[in-house]
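Just so you know, all these numbers are worked out from the coordinates, no wet-lab data involved. Predicted model only: the values in this text are computed from it and were never measured. Note: ideal-geometry Cβ built from the backbone for every residue, glycine included; neighbour counts use all protein chains shown.
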Amino acid sequence: MGMSKKDFIALADALNKSRPLFDAVRTAQWAQDVETVRQFCAASSPAFKSYRWLGYIAGKCGPNGGTR
C-alpha cells in the first residue's frame, strides 16, 4: 500500500519541525534531506505534487496547497 495524502502531510510536518535554526551547515544538509524525501514521495505516487509539498514546508501554502 502506498502513502496517502495524510502521510505526505505528516512527513512534511516532521521535516519542518526538524529544520535547524542558525546553523548554515545543518540547514544545507536538511535541505538535501528534504529533496531526497521529495524524490522518494514523487516516485511513490503519481498524484504527489512536489510544488505543493515544498510550498507547505516553506510556509507558502497550507497542506492542501491553498493559502495558510
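Counting every Cα pair in the range 5-57, what percent are over 14 Å apart?
51 percent
With label points built 7 Å along Cα→Cβ from the Cα atoms of LYS17 and MET3, find their separation and express it in nm.
Distance between the two pseudo-spin positions: 1.6 nm.
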